[in-house]
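The values are calculated or read from the model by the stated rules, or taken from the named source; none is laboratory data. It should be emphasised that the depicted structure is a prediction, and the values quoted were computed from it without experimental measurement. Note that we place each Cβ from the backbone using ideal geometry, even for glycine, and neighbour counts take in every protein chain shown.
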Amino acid sequence: MRFLVFIFISILVLSCARQGSPTGGPKDETPPKFIGSSPDTLSLNVPTNLKEIRINFDEYIVLKDHTQQIVVSPPLESGAVYMPVGTARKYVSIKLEKPLEENTTYNINFGTSIQDNNEGNKLPYFQYVFSTGDYVDSLELTGKASVLSEKKLSDKLLVALFKVDSTYNDSAILKQKPFYVSRLDAEGNFKLNYLRPGKYQMVAFDDVVQNMQFDIGEEKFGFMDELIDLNENQTAEIQLFDQIPPYKAGKAEQRGYGHMVFKFAGQPENIEITPVDFDFTTSKISYKPKSDSLNFWFKPSVDSIYEKSKRLKFLVKHKDKSDTISAVYSNSQKHSLSIKELNKGNYTPSKKVKITVNYPITKLDSSYISVRKDTVDLPFKIIPDTKNENAFMLDFKIELASAYEVNLLPNAITDFFEETNDSIKISFKTKTRNDFGNLRLSLQNKPDKPFWIQLLNNKDEVLEEIYTTKDVFDFNHLNPGEYYFKILIDENENEHWDTGDFFAKKQPEKAMIYPAVLNVRAMWDLDEVWVLPEPNSLIKEESSTEVSEDSK
């Protein structure tokens, strides 16, 4: 009996103990709090030989990604050492390696690098400011930046000011760090504060290399047309684009049988290629103005290179610049004509049979091509691709819920090397109407210049592109999924969309992106209206584009 009483009391005690167990309480979501610093924030006459700054917080903190997040304006000449990294402390230590500039206001923006040690709560965009002079500069420049026709902003975008004085020239953006710099938030807003009066060149760039400088050819870039004369608080908007790099001849390499490729930078209009040490009698040059490569073709069966491999030299001319480029040609490459279907498995009444081959096409013979629906021969047209000499389209009536067979017999395709194709059979079945959706787009205030309308999917792939002056577009037989549009305006009507050039003081041609993602469903017809700004007004991105009620 006593034993049973003992067990009962033990169970009761354990039960009470469990009921009193702590639950841990609510999760801490409060970021660290600034409680003081040495020198004090906004201090004046800070000694230029200052060795260390300490910024104190109310809890243990660490610095995360500080090399990418912390921005100092103006930049410290030789950088600084920031702690704590790895080990938590209740303060941030900044050890300075070189003397500060006299009569200068310094602004250290920590981005989102300051986090508490336990929960990782971030203290966003904390600034520490001090002056080595008698006052703190107090002017502000705020605004918004966007990247031309891109939906999502990079998290490495910077807006910067270069001081314009007697020593300034445009090459400073490539050789120097900016005098003032600020990160953008997720919406593209920026704030440059604690600025001194003066004249500045304002730029923006996507700091992919993460060196606080613009790296041409690797990063997007934008600039303001006019210098900023800063004597009061101002606002500005800036748009980033792909800056044209200076012209440069790159390397040449063999791409295949009788095929050499030359690479370039700088979008040259015209390129002249002349062989230096070999007499090509069958050569053919393919180059599209402003492209980054040139194709050099020759017939090895005629212009025979007897060595197993030979280094060939070429003189490359663009305007008044000449370069000698060499490349090794190997006879190990053999001729092999390969054929590819571009719309394989996705044929509809709106998508025709498109074929591309790996060599330039010199002849297409319809007598060696047949098209059948079930067992019935269909009439068709051969339409060469005017922009790609290696491609063509077979145009014939394609219906839904039907089976087709396309046959290309030998001699249907003759390539540059006077070789022809093997027998090719393309068989496919089309889906039913119930498998697709349709999308109609109507433009209000369409551009007064020709433009490209692009249909893109949620992978940002261009599915269709039309060069047009129309204002209504039907995109039929679309697979269910998410889509959106872009418009690129051909302002100079040269049938090429021209990007910007800071050194020529030329902004890019205008472009717009549809600000909503359109969900196309099977068996649905979607009718969208895109209200654009007036043709002669400044075209901005999403802020100036209205969306139809159906797409919201």
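Test Asp448 against the criterion of being modelled with pLDDT of 95 or more, on the phi < 0 side of the Ramachandran plot, of a type outside the set (A, V, I, L, M, F, W, C) and over 20 Å from the mean Cα position of the chain (by Cα), and give yes or no. Spelling it out, it is not the case that Asp448 is modelled with pLDDT of 95 or more, on the phi < 0 side of the Ramachandran plot, of a type outside the set (A, V, I, L, M, F, W, C) and over 20 Å from the mean Cα position of the chain (by Cα).
Only one of the numbered conditions (1) surrounded by 14 or more Cβ atoms within 10 Å (Cβ to Cβ); (2) at pLDDT below 95 is violated by Glu307, and that is (1).
Entry remark, region 502-527: residues being among the charged types (D, E, K, R), part of a loop (DSSP other than H, G, I, E, B) and either crowded, with 18+ Cβ neighbours inside 10 Å or over 29 Å from the mean Cα position of the chain (by Cα) (or both) number 2 in total. Among the residues making up region 181-208, a single one is of a type in the set (Phe, Trp, Tyr), under 19 Å from Phe502 (Cα atoms) and touching a residue at least 40 places away in the same chain (Cβ under 8 Å): Phe205. Checking the stated criteria, Asp185 turns out not to satisfy the condition of being more than 23 Å from the chain's Cα centre (by Cα) and acidic (Asp, Glu).
Rundown of residues vs (1) β-branched (Val, Ile, Thr); (2) in a strand (DSSP E or B); (3) at negative phi, yes/no style:
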| position | (1), (2), (3) |
| --- | --- |
| Ile94 | yes, yes, yes |
| Glu101 | no, no, yes |
| Ile108 | yes, yes, yes |
| Tyr125 | no, no, no |
| Tyr128 | no, yes, yes |
| Tyr135 | no, no, yes |
| Glu150 | no, no, yes |
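To keep it simple, each residue is scored yes or no on (1) among the aromatic types (Phe, Trp, Tyr); (2) within 30 Å of Ala516 (Cα to Cα); (3) in contact with a strand residue (DSSP E or B) (Cβ under 8 Å, 6 or more places away or on another chain).
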| site | (1), (2), (3) |
| --- | --- |
| Thr112 | no, yes, yes |
| Asn118 | no, no, yes |
| Asn121 | no, no, yes |
| Tyr125 | yes, yes, yes |
| Tyr128 | yes, no, yes |
| Gly133 | no, no, yes |
| Lys144 | no, yes, yes |
| Lys151 | no, yes, yes |
| Ser154 | no, yes, yes |
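Here are some residues: Phe428, Phe416. Which one is under 19 Å from Lys352 (Cα atoms), surrounded by 16 or more Cβ atoms within 10 Å (Cβ to Cβ) and either free of Cβ contacts under 8 Å to residues at least 60 places away in the same chain or not hydroxyl-bearing (Ser, Thr, Tyr) (or both)?
Phe428
The residue of region 256-286 that is farthest from Asp323 (Cα to Cα), among those that are among the aromatic types (Phe, Trp, Tyr) and part of a loop (DSSP other than H, G, I, E, B), is Tyr257.
Val85 - would you say it is among the aliphatic types (A, V, I, L, M), at pLDDT below 95 and touching a His at 6+ places or on another chain (Cβ under 9 Å)? Reasoning before the result, please.
Numbers: among the aliphatic types (A, V, I, L, M): yes; at pLDDT below 95: yes; touching a His at 6+ places or on another chain (Cβ under 9 Å): yes.
Criteria met by Val85.
Taken as a whole, the structure places Lys290 among residues that are at pLDDT below 95, outside the structural domain of Gln201 (by TED's automatic domain parsing) and of a type in the set (Lys, Arg). Summed over region 184-199, the residues that are surrounded by 15 or more Cβ atoms within 10 Å (Cβ to Cβ) and either of a type in the set (Lys, Arg) or in a strand (DSSP E or B) (or both) give a count of 9. Kindly evaluate Ile61 against the criterion of being buried (at least 18 other Cβ atoms within 10 Å of the Cβ), under 27 Å from Phe162 (Cβ atoms) and touching a residue at least 24 places away in the same chain (Cβ under 8 Å). Here the answer is no, as Ile61 does not meet what is asked.
Hey, can you tell me all the residues within region 156-166 that are within 22 Å of Glu218 (Cβ to Cβ) and not in a loop (DSSP other than H, G, I, E, B)? Quick ask: steps written out before the conclusion?
Going through region 156-166, the residues within 22 Å of Glu218 (Cβ to Cβ) turn out to be 156-162.
Result: Leu157, Leu158, Val159, Ala160, Leu161, Phe162.
Whether any residue in region 158-179 is of a type in the set (Lys, Arg) and in contact with an Asp or Glu (Cβ under 9 Å, 6 or more places away or on another chain) is what I want to check. Taking every residue of region 158-179 in turn, none turns out to be of a type in the set (Lys, Arg) and in contact with an Asp or Glu (Cβ under 9 Å, 6 or more places away or on another chain). Among the residues of region 223-238, those that are in a loop (DSSP other than H, G, I, E, B) and surrounded by fewer than 16 Cβ atoms within 10 Å (Cβ to Cβ) comprise Asp225, Glu226, Leu227, Asn231, Glu232, Asn233.
Would you confirm whether or not region 287-297 contains a residue that is touching a strand residue (DSSP E or B) at 6+ places or on another chain (Cβ under 7 Å), part of a strand (DSSP E or B) and loosely packed, with under 13 Cβ neighbours inside 10 Å?
Going through region 287-297, the residues touching a strand residue (DSSP E or B) at 6+ places or on another chain (Cβ under 7 Å) turn out to be 287, 292-297.
This time we only want the ones that are part of a strand (DSSP E or B), so: 293-297.
Cutting the leftovers down to loosely packed, with under 13 Cβ neighbours inside 10 Å gives us none.
No.
Kindly check whether there is at least one residue in region 522-540 that is at pLDDT 95 or above, within 25 Å of Ser146 (Cα to Cα) and polar (S, T, N, Q). Scanning region 522-540, I find no residue that is at pLDDT 95 or above, within 25 Å of Ser146 (Cα to Cα) and polar (S, T, N, Q), so the answer is no. Assess whether Asn169 counts as being under 23 Å from the mean Cα position of the chain (by Cα) and in a loop (DSSP other than H, G, I, E, B). Taking the combined requirement at face value, the residue does not satisfy it. From the list Glu269, Glu253, Glu232, the one residue that fits, being acidic (Asp, Glu), in contact (Cβ under 8 Å) with a residue 24 or more places away in the chain and more than 25 Å from Phe417 (Cα to Cα), is Glu232. The set of residues in region 331-368 being surrounded by fewer than 15 Cβ atoms within 10 Å (Cβ to Cβ), modelled with pLDDT of 95 or more and either assigned to a strand (DSSP E or B) or touching a Lys or Arg at 6+ places or on another chain (Cβ under 6 Å) (or both) consists of Thr362, Lys363. Across region 64-100, the number of residues qualifying as surrounded by 17 or more Cβ atoms within 10 Å (Cβ to Cβ), within 17 Å of Pro124 (Cα to Cα) and of a type in the set (Val, Ile, Thr) comes to 4.
Residues that are β-branched (Val, Ile, Thr), outside any loop (DSSP other than H, G, I, E, B) and in contact (Cβ under 8 Å) with a residue 12 or more places away in the chain within region 369-413 comprise Ile369, Val371, Ile382, Ile383, Val406, Ile413, listed in sequence order.
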